[in-house]
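Q: Quick one: structure below, then a few questions.
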Amino acid sequence: MTERSGGEDSQQVRFYQSGTFVVGNRLLDPEQRSVQAHTERSNSLTSGHRACQGCGEALGARYALDAAMRATGGKLIAANATGCLEVFSTPFPESSWQLPWIHSLFGNAPAVATGVAAALKAKGREDVRVVGQGGDGGTLDIGFACLSGMFERNDDVLFICYDNEAYMNTGVQRSGATPPAARTANTKPLGDNPGNVFGQGKNAPLIAMAHEIPYVATATVAELRDLEAKVERAMEVRGARYIHIFVPCPLGWGAESCDTIRLARLVKETGLFPVFEALDGELTEVSKIRRQVPVIDYLKLQRRYAHLFGDEPRTDIIERIQADADRNIRRFGLLDDPAEPDDTMRLLAESGRGPQ
Amino acid sequence: MLRVRIHGRGGQGAVTAAELLSVAAFREGRHAQAFPTFGSERTGAPVVSFCRIDTTEIRTHEPIAEPDGLIILDPTLLHQVDVFGGLRPHGYILINSTRSIAELGLSELGDSHETGRMLTMPATDIAHEHTGRKLPNAVLLGGFAGLTGQLSIDSIEAAISERFPAPVAEGNCAGARAAFELASTAEVQEAARA
Amino acid sequence: MLEQIEGSLAVAKTVARCRPEVVCAYPISPQTHIVEGISDLVRTGELDHCEYLMVESEFAAMSACIGSSATGARTYTATASQGLLYMAEALYNASGLGLPIVMTVANRAIGAPINIWNDHSDSMSQRDCGWVQLYAETNQEAADLHVQAFRLAEQISLPVMVCMDGFILTHAHERVDVPDAEQVDAFLPAFEPRQLLDPADPVTIGAMVGPEAFTEVKYLAHAKQMQALDLIPQIAAEWSDAFGRESGGLLRGYRIDDAETIVVALGSVIGTIEDTVDEMRERGVSIGVLGLKSFRPFPLEEVREALGGARRVVVLEKALAVGVGGIVSANVRMALSGIQLHGHTVVAGLGGRPITGKSLLGLFEDAIADRLGPLTFLDLDSERVERELERMHEGGASGPHEQNILRDVGVVAGGSH
């Protein structure tokens, strides 16, 4: 919830979603507008690519790279891992990339980015910055050694992981980022443990923090301004940086293509995906949950969790997922006070405009 | 061609000895090749290194099976490893030991071998005297030069000086020269160079 | 400058004088002294404007090289054996993208069983990855080839691997005329990339190519290697003019012009064979040796011309195509198709087993006396092998092969000498 700063005569404007400014960009000063709101944005990933309708990754990549391009004055080189993003953006003989871009292999995007950064340094061209990017498979699994190496050396690279929680490009197989109970092509709802098992998986942002690199952040495609701000903040710093972006995949998750932003918002509001910032290995900023949502509201929108519902609902599994969310909330301090009524209602009550 | 085989234990400088020998030969304008056997070179394990010296380009890279000269840095190898294997009839043998050939149990070899080509020398003691350390390799190179007459002591010293920092080089050079003189006076010199 | 120097260090110094801008280093025996040598030169400032990356694996090393080369930096790395395999995917990627990376391969055997000693199985395993493969006979040639390699790579936009025998060359102290900085600068111009990641002119590198265009792209890689068949001798000739010595080229024959029997080999063993050839020639035997310098591209025409007049060809190779036989000999046979002569494959020196003049003498005498079969394993202990095969035949848990054979050999403290 925010108010527009200005003189006494200026109108008090209240936005529905505090902190995001998604509504009413035209009412803001140009400097406060998002990068996406600018007509002269670089459009790093321009239209014509072959992503699915509602693809969270395409959205996230455009948001992130345009922000990075603005932050660097357009002096940016991107190294991309194999995956959906790479495949749908470069269907030969076309390319939708409007910045220098290289794709090498599945597991080496961080190392390729390292090499690019080293070359620029050797040539005295450190004004040009480097972004490495890939999906959860390419980043957390097959590319993990290279990622850790890049972190450990503190190479001047911002690595962005677009996490849609499975190997989507190859047909929705389980990755180290696949959440518990989720259905994938090789974690089907068969047998006693339907879907992906509990007790596995990697928390890449925490692992990045353990490397004590200058900047680590998580973000979702539901909060454009937050994502852009994080990319821009990352670009203010030198050294190894990591941003982990939650990007829903309608096809892989069995969700409606119009629900991409909603799912991204819900995953944060349930507590399942903590949104935070960390500098040099220390948690510095947490994006609070505005109003906690029970996980069931998030899960029921995705057919990859359909087996938890229906005639014989698996309330035991849903409870475990809820417990995970609650643990995150406690661990990261995502709620000011779980018992407080939400801000909107309280503020409306105070202003005298809402129900008393 | 002069083919030298050096036997020692890891840590005694057998590999460096071969290198230094090759550098000494190089400084005399000759072609030289030095290389070790490669293995798990842990301290104390038997190590063999090789050096070939010639006036023309050395093309072969095989290990030296039939040496013209043997340098044995560690006498405990004598009855453990076949150090004398393939030695040519006129070959030189220089053994680092305070004992004589007979005391080492090598009388038979000493008798059958050409006079003036086999020598024992307390290289570790000489090294300790001149450098304060017990690394006999540089000293033995001086001794080998003296025994064989195939290299000048100046070249040996130049190689040592090139390789080690001044204070270390000084002591090793002094030890090498001492060994050279010891070997020169002890045996009859053969004129031919490789 | 003429120096008595360790092979690895000669290579390190020469590579440094090629002014690489990025060097990626991951250690593996027997290449370690090369990357260590370069590290020292970077630290002292002798090699400046160079980023020395200590990466976390060989896969990362080649990947970083790919990023660096695509950004227009002259790029170098070195590896051997297992490391080469670990970067296999990236090797194909580098050649497919046409990036002029130069890499030293300090030839070493591939496990299992693990073995750190020299043979050619590593580079041979990657003979078809699209890289140019050059084999050095001496440390002098190894040093020289790196300069030529950068020239070649940057001219045809293909990566080049310079192969030198691990330990036998890398760890041998020999007389090398290490090219001076001025000499190298005169021979090797600045890198002018064909493709470049540059914000001023964005390009997309590494797009997916479907059935409609893949064949053409792959054909281009082959066409470029065919160009290299002309370029390699040209560069070698220029080298000879500039430095007054022969280094590189496609192949070099020694006493082959009138030879009835010609031995074909790569790498340091050529020298040992030359000695044996001289010995046999003294006795009036008509024998010579053809040293192959470029294995990829394979100089079919030149090999055919060199060997066509012989009665007998013995290909001596340090690698093995398990299940069929020789690798080099298969390529040689291709060159000789249609020509009738006696051909023999000899697999020798695997896992660092020394190839001695004595064994070669016996081998060549066998060849000339027609006692040699189509495939021979030099100095094979048949008895030991038979015993192990019997054990297997008896069934049950006979144990790992290497354990049994090593037990037969006995634990040897000082190597095979």
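Computed from the coordinates by the stated procedures, all read-outs in this text should not be read as laboratory data. Note that the structure is a prediction, hence the values are computed from the model and not measured. As a convention, Cβ positions derive from the backbone with ideal geometry for all residues, glycine included, and neighbour counts pool all protein chains shown.
Q: If you place +1 on the Cβ of every Lys and Arg and -1 on the Cβ of every Asp and Glu, how big does the dipole about the Cα centre of chain A come out, in debye to the nearest 20?
A: 680
Q: Could you compute the longest span of chain C free of trypsin sites (Lys or Arg not before Pro) located in DSSP loops and having at most 15 other Cβ atoms within 10 Å, not counting the site residues?
A: Numbers: sites that count: C:Arg194, C:Arg245, C:Arg283, C:Arg311, C:Arg371.
Result, exposed sites excluded: C:1-193.
Q: Taking N as the number of residues in the protein assembly as shown, what value does Rg over Cα atoms divided by 2.2 N^0.38 Å take?
A: After normalising by residue count via 2.2 N^0.38 Å, the value is 1.15.
Q: Springs between alpha-carbon pairs under 10 angstrom, Gaussian network model over chain B: which of B:Glu108, B:Glu129, B:Glu28 fluctuates most?
A: Result: B:Glu108 has the largest fluctuation of those listed.
Q: Within 14 Å, Cβ to Cβ, of C:Ala60, how many net charges do the neighbouring residues add up to if Lys/Arg are +1 and Asp/Glu are -1?
A: -4
Q: Something else: Using θ = phi - 60° and the Karplus form 6.51 cos²θ - 1.76 cosθ + 1.60, what ³J(HN,Hα) does each residue of segment B:44-50 get, whole Hz, x for Gly and Pro?
A: Ordered by residue, 3J(HN,Hα) equals x, 6, x, 10, 10, 10, 10 Hz.
Q: Right, here's the next one. Kirkwood Rh over alpha-carbon pairs of segment C:1-106, then Stokes-Einstein at 20 °C and 1.002 mPa s: what D in µm² s⁻¹, rounded to an integer?
A: 157
Q: Express in whole angstrom the spacing between the alpha-carbon centres of segment C:346-417 and segment C:282-335.
A: 23
Q: Starting from one equal scatterer on each C-alpha and no solvent at all, send me the Debye-based log10 I(q)/I(0) for chain C at q = 0.11 Å⁻¹, two decimals.
A: Log10 I(q)/I(0), no solvent term: -0.84.
Q: Hey, got the dipole for segment A:164-317? About the Cα centre, +1 on K and R Cβ, -1 on D and E Cβ, debye to the nearest 20?
A: Result for segment A:164-317 is approximately 280 debye, rounded to the nearest 20.
Q: Between segment B:20-57 and segment C:152-221, how far is it from one alpha carbon centroid to the other, in angstrom?
A: Centre-to-centre distance over Cα atoms comes out at 34 Å.
Q: Add +1 for every Lys or Arg and -1 for every Asp or Glu among the other residues with Cβ under 15 Å from the Cβ of B:Gly85, and state the total.
A: 0
Q: Express in whole angstrom the spacing between the alpha-carbon centres of segment B:118-175 and segment C:9-30.
A: 33
Q: Strictly greater than 34 Å: what percent of every Cα pair in chain A meets that?
A: Result: 26 percent of Cα pairs exceed 34 Å.
Q: Can you tell me the orientation of helix C:214-243 relative to chain C, as the angle in degrees between its alpha-carbon axis and the longest Cα principal axis, to the nearest 10?
A: It is inclined by approximately 90 degrees.
Q: Which of C:Asn331, C:Asn404, C:Asn93 moves the most in a Gaussian network model of chain C with Cα springs under 10 Å?
A: Of the options given, C:Asn404 has the highest mean-square fluctuation.
Q: Still on this structure: Mean residue ellipticity at 222 nm from the helices of chain A, using -39,500 (n - 2.57) per DSSP H segment of n ≥ 4 over the full residue count, to the nearest 500 deg cm²/dmol?
A: Result for chain A: -9500 deg cm²/dmol, rounded to the nearest 500.
Q: Here's another thing I want to ask about it. Stokes-Einstein at 25 °C, 0.890 mPa s, Kirkwood radius from Cα pairs: D for segment C:104-145 in µm² s⁻¹?
A: Translational diffusion coefficient: 216 µm²/s.
Q: While we're here: Pop a pseudo-label 7 angstrom from the Cα along the beta-carbon direction at both C:Asn404 and B:Glu103 and give the gap in nm to one decimal.
A: Using points 7 Å along Cα→Cβ, the separation is 5.1 nm.
Q: Something else now. Is there a simple number for the mean count of other chain Cβ atoms within 10 Å of the Cβ of residues in A:120-131, and what is it?
A: Mean partner shielding for this stretch: 4.
Q: Largest first and in whole Å, give the semi-axes of segment C:94-195's equivalent ellipsoid, each being the square root of 5 times a Cα gyration tensor eigenvalue. List each step's numbers first, then the result.
A: Values: eigenvalues 123, 83, 11 Å².
Square roots of five times the eigenvalues give 25, 20, 8 Å.
Q: Turning to a different aspect of this structure: Determine, at each q value in 0.23 (inverse angstroms), the log₁₀ of I(q)/I(0) that the Debye formula gives when each Cα of segment A:259-343 is one equal point scatterer.
A: Debye intensities relative to I(0), on a log10 scale: -1.12.
Q: Within 10 Å, at most 16 other Cβ atoms, and a DSSP state outside H, G, I, E, B define an exposed site. Report the longest part of chain C free of exposed GluC sites (Glu not before Pro).
A: With GluC sites (Glu not before Pro) excluded where exposed in loops, chain C gives C:47-211 as its longest stretch.
Q: I'd like to know which of A:Val112, A:Pro274, A:Gln322 lies farthest towards the positive end of the charge dipole of chain A, counting +1 on Cβ of Lys and Arg and -1 on Cβ of Asp and Glu.
A: A:Val112
Q: Report the charge-dipole magnitude of chain B in Debye, nearest 20, computed about the Cα centre from +1 at each Lys and Arg Cβ and -1 at each Asp and Glu Cβ.
A: So the magnitude is around 360 debye.
Q: Residues of A:148-156, mean number of Cβ from any other protein chain within 10 Å of their own Cβ, rounded to a whole number?
A: Taking the mean over all residues of the peptide, I get 3.
Q: Using every alpha carbon pair in segment B:14-146, what percent of pairs falls into each 5 Å bin from 0 up to the bin containing the largest distance?
A: Here the calculated profile for segment B:14-146 is 2, 10, 18, 24, 22, 15, 8, 2, 0.
Q: Still on this structure, please answer the following. Please report the orientation-averaged projected area of segment A:104-184, defined via the convex hull of its C-alpha atoms, in nm². Kindly include the intermediate steps, with their values, before the conclusion.
A: Values: hull surface 22.0 nm².
Averaged projected hull area, Cα only: 5.5 nm².
Q: Using only Cα atoms, figure out Rg for segment B:44-86 and give it as a multiple of 2.2 N^0.38 Å. Write down the numbers at each step before the final one.
A: Numbers: Rg = 12.3 Å, N = 43, 2.2 N^0.38 = 9.2 Å.
That ratio works out to 1.34.
Q: Additional query: How shielded is C:46-56 by partner chains, expressed as the average number of their Cβ atoms within 10 Å of its Cβ atoms?
A: 5
Q: Now, a different point. Loop-only GluC sites (Glu not before Pro) in segment A:214-317, please: DSSP not H, G, I, E or B, and at most 16 other Cβ atoms within 10 Å.
A: A:Glu236, A:Glu256
Q: Next question, about the same structure. Points 7 angstrom from Cα along the Cβ direction at C:Asp40 and A:Arg262: gap in nanometres?
A: The two pseudo-label positions are separated by 6.8 nm.
Q: Among C:Leu250, C:Gly206, C:Ser240, whose Cα lies farthest out toward the positive end of the dipole of segment C:204-251, if unit charges sit on the beta carbon of Lys, Arg (+1) and Asp, Glu (-1)?
A: My answer, from the dipole projection, is C:Gly206.
Q: Compute the normalised compactness of segment C:286-417: alpha-carbon radius of gyration over 2.2 N^0.38 Å, N being the residue count.
A: Details: Rg = 17.7 Å, N = 132, 2.2 N^0.38 = 14.1 Å.
The value comes to 1.26.
Q: So, one more: Quick check on the exposure proxy: order A:Ser34, A:Ser89, C:Ser329, A:Ser104 from fewest to most C-beta atoms within 10 angstrom.
A: A:Ser34, C:Ser329, A:Ser89, A:Ser104
Q: In nanometres, what is the gap between the two model label sites at A:Glu232 and C:Ser286, each 7 Å from Cα along Cα-to-Cβ?
A: Output for this residue pair reads 8.5 nm.
Q: What does DSSP give for chain B in terms of the percent of beta bridges that are antiparallel, rounded to the nearest 5?
A: Numbers: 14 of 26 bridges.
About 55 percent, rounded to the nearest 5.
Q: Kirkwood-based Rg over Rh for segment A:278-323 (C-alpha set), two decimals?
A: 1.19
Q: If you build a Gaussian network model of chain C, linking Cα atoms that sit under 10 Å apart, which residue out of C:Met54, C:Met62, C:Met124 swings the most?
A: Of the options given, C:Met54 has the highest mean-square fluctuation.
Q: Continuing with the same structure: Kindly give Rg over Rh for segment C:199-325, based on alpha-carbon atoms, with the Kirkwood expression for the hydrodynamic radius.
A: My calculation of the ratio gives 1.13.
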